[in-house]
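The values are calculated or read from the model by the stated rules, or taken from the named source; none is laboratory data. Owing to the predicted nature of the structure, the values given are computational and were not obtained by experimental measurement. Glycine also receives a Cβ, built like all others from the backbone with ideal geometry; neighbour counts cover every protein chain displayed. When the accessible area is computed, the model is the full protein with side chains, heavy atoms only, and any ligands, DNA or RNA have been set aside. Shrake-Rupley method; radii C 1.70, N 1.55, O 1.52, S 1.80 Å.
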Amino acid sequence: MESLLTAGLYPSKFDMPLTLQFELTSRCNVYCKHCYNDSGNNNSEDAMSPDEWVKFAKKIVNYGGIFECILSGGEPLLLGNRIFDIMDILHDDGAAFLLITNGFLLSREKVKYLAKYRYRWLQVSIDGSTAKYHDSFRQREGSWQRAVDGAYMVSAAGIPLTIAHCVTPYNLSSIDDMCDLAYQLGAATILLGEINLSGRTNQNRDLLLTKEDRAQMLRKFEENQNRYAGRMSVQRSANTKTSVLRYLTSPNTGLIVRPNGDLRLDCMAPFVIGNVLKDDFKKIWNEKAQTCWEHPKVQEYIRSFNEKDYNEMMTNYVDSDIYL
């Protein structure tokens, strides 16, 4: 069957990204055992200060704007009220948001202000149906209660809430309880997924699922999809290989801007094509972003998921990024 792209019914390239992810800070107020980008290890100031993010957001609007902005970190709410300065610029231009937070800093006042924006969803990470596991996993006491309270405030404010839940061998048996908690908190969606070998997981490989664990997770996923059909969406996150393969069959629609200004291809693809503090974004988008997924080094990285074992592969957010 002919694809929409080859049939000429889908653009072969875009003049601007549809989506940009702003990694607003490398700082974090928890220290999760699995953190994919090893947040919280940097005690120095990020090159992309709040003022730099405001300047960049204005440039994006002047270039034509984007449809969606993903706000992440580190912990994006550590920017305090400066996050609203960035969001206001893009909001006024018509963009929607996907905000990813650990929920620790959510308060009634902050949620009330957040409710003014358009969202694809607001994502709160909760990794246990009880405080004991979550607080141990996130390595901060009280983080589960803060996340639960914050998530409920989000849904009560009418903001579409997604609960992101990392499945490990240690919480595999409590997936039913976790889905029940998400529903009680008013989540529109719970996103279940195993941990990929990236960042701090490299030092905590016991968090990775075995083949048998994965089969059990899939059974529980299907059971809860049926159990909550029509009431809450139960979804499963894609693994690294699936995530990067999708970029090979369609034109590039987005990039990540890191706290140092680097333009990275994707969370799980360790390649950089420029820096917004040094290079003209529009030029980088037009000259590099359109073909970056065809680069031989990127193709080699994608093939490595079939040809190598974990110990031979580049470890994302542990080994240095590759500049294309």
So, first residue of a type in the set (S, T, Y) in the range 193-220, second residue part of a helix (DSSP H, G or I), Cβ within less than 9 Å, six or more apart or across chains; the pairs are S198/T240; T201/L207
Only one of these conditions is not met by S250: (1) without any contact (Cβ under 8 Å) to a residue 40 or more places away in the chain; (2) open to solvent by 40 Å² or more (accessible area, probe 1.4 Å). Which number is it?
-> (1)
Checklist (1) among the acidic types (D, E); (2) touching a Cys at 6+ places or on another chain (Cβ under 6 Å); (3) free of Cβ contacts under 8 Å to residues at least 24 places away in the same chain applied to E141, failing item | (2)
Strands (runs of 3 or more DSSP E) wholly inside the range 244-298 that include at least 3 residues being within 22 Å of the chain's Cα centre (by Cα), over 20 Å from D46 (Cβ atoms) and not β-branched (V, I, T) | none
Test result for R219, at pLDDT 95 or above, part of a loop (DSSP other than H, G, I, E, B) and open to solvent by 80 Å² or more (accessible area, probe 1.4 Å) | no
Restricting attention to the range 81-102, which residues are in contact with an Asp or Glu (Cβ under 8 Å, 6 or more places away or on another chain) and either among the small types (G, A, S) or more than 16 Å from I60 (Cα to Cα) (or both)?
-> A95, A96, L98, T101, N102
Tell me which residues, restricted to the range 196-213, are surrounded by 15 or more Cβ atoms within 10 Å (Cβ to Cβ) and over 24 Å from T19 (Cα atoms).
-> L197, R200, T201, N202, N204, L207, L208, L209, D213
